[in-house]
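Can you read through this structure? Questions will come right after.
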Amino acid sequence: MTTRIETDRLVIRSFVSDDGPHWVELVSSQEVRRFLPASAPPSLERFATVLADRTAMEAEIGYSMWAVDERATGAFVGQCGIRPIDEGNGPEVDLAYHFVPAAWGKGYATEAATAVLDHGLYVLRLERIIAVVVPENTGSWRVIEKAGMRYVGEVDYYGMAGLKLYEAERSWWVTNPQPRRPFRG
Ligand SMILES: CC(C)(COP(=O)(O)OP(=O)(O)OC[C@H]1O[C@@H](n2cnc3c(N)ncnc32)[C@H](O)[C@@H]1OP(=O)(O)O)[C@@H](O)C(=O)NCCC(=O)NCCS
């Protein structure tokens, strides 16, 4: 199965093999990596494994990390998606997003995160999606709050202590600040 979600300015879609160089560039950026847990060095070989894992996860549970393109230009600008937290261990489902620095400051992360929450809660019918963030990553928790998630407290995940934990539940979450659709809880 594949996924395609369109927003005003973005297309959120399943990764394909042609995305390799863009993904490697994204996750090689020191600016992007600054607040992220350590991971295997990015390479096209690594991308092949990542793509296979994401494709298999999407086939099995209906979601994964997705590529994000700018609609106006078709350019790859980042990735956003949901997956079982802690490298697939779960059981919580975790929202994540990483954008190329050239695309920062345009509201893209908020737009993508909101659309992915909407898809996860209302299309996939998940009850709850969480997000965890390093407290110093101000931009990220601003995105989370603008996407209408609620602060819960501190939590340890991905081998990192004292992360800020946020949640969105289908019972109360609506797209924020202006609902784009009627509440469908
Ligand atoms: C965090 C990240 C996704 C933000 O992307 P973005 O597209 O610039 O975010 P938005 O434009 O939607 O910004 C949302 C809000 O956060 C604010 N913001 C963004 N970056 C910020 C920063 N570094 N410091 C303070 N505020 C920031 C914006 O001003 C905006 O608030 P406003 O509308 O009130 O002005 C991006 O910086 C990124 O990809 N970082 C690297 C990967 C990462 O850390 N991902 C999150 C892991 S939990």
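No value in this document is a laboratory result; all are computed from the given coordinates. Values in this document were obtained by computation on a predicted structure and should not be read as measured data. Counting neighbours? That spans all protein chains shown, and the Cβs are built from the backbone with ideal geometry, glycine included.
For a quick check of your reading of the model, give me the residue pairs whose first member lies in the stretch 37-57 and is under 12 Å from V16 (Cα atoms), whose second is part of a helix (DSSP H, G or I), with beta-carbon atoms closer than 7 Å and at least 6 apart or on different chains.
As it stands, the answer is F47/G20; F47/W23; F47/V24; L51/S17, since those pairs meet every condition given.
Considering only residues that are hydrophobic (A, V, I, L, M, F, W, C) and part of a loop (DSSP other than H, G, I, E, B), look in the stretch 127-149 and name the one that is surrounded by the fewest Cβ atoms within 10 Å (Cβ to Cβ).
Result: V134.
Moving on to the next point. Are there any pairs with C-beta distances below 7 angstrom linking a residue in the stretch 127-144 that is more than 19 Å from D86 (Cα to Cα) to a residue that is of a type in the set (S, T, N, Q) and near the ligand (Cβ under 7 Å from one of its atoms), with the two at least 6 apart or on different chains, and if so which?
Going by the 7 Å Cβ cut-off, the qualifying pairs are V143/T110.
If I61 meets every condition in (1) more than 16 Å from the ligand (Cβ to nearest atom); (2) farther than 25 Å from M160 by Cβ apart from one, which number is that one?
With (1) more than 16 Å from the ligand (Cβ to nearest atom); (2) farther than 25 Å from M160 by Cβ applied to I61, the lone miss is (2).
Being part of a helix (DSSP H, G or I) and closer than 17 Å to M57 by Cα is the requirement here; does G120 meet it?
yes
For the stretch 158-165, check the following and say yes or no: at least one residue is free of Cβ contacts under 8 Å to residues at least 40 places away in the same chain, within 10 Å of the ligand (Cβ to nearest atom), within 20 Å of A38 (Cα to Cα) and buried (at least 16 other Cβ atoms within 10 Å of the Cβ).
Yes, there is a match, as at least one residue in the stretch 158-165 is free of Cβ contacts under 8 Å to residues at least 40 places away in the same chain, within 10 Å of the ligand (Cβ to nearest atom), within 20 Å of A38 (Cα to Cα) and buried (at least 16 other Cβ atoms within 10 Å of the Cβ).
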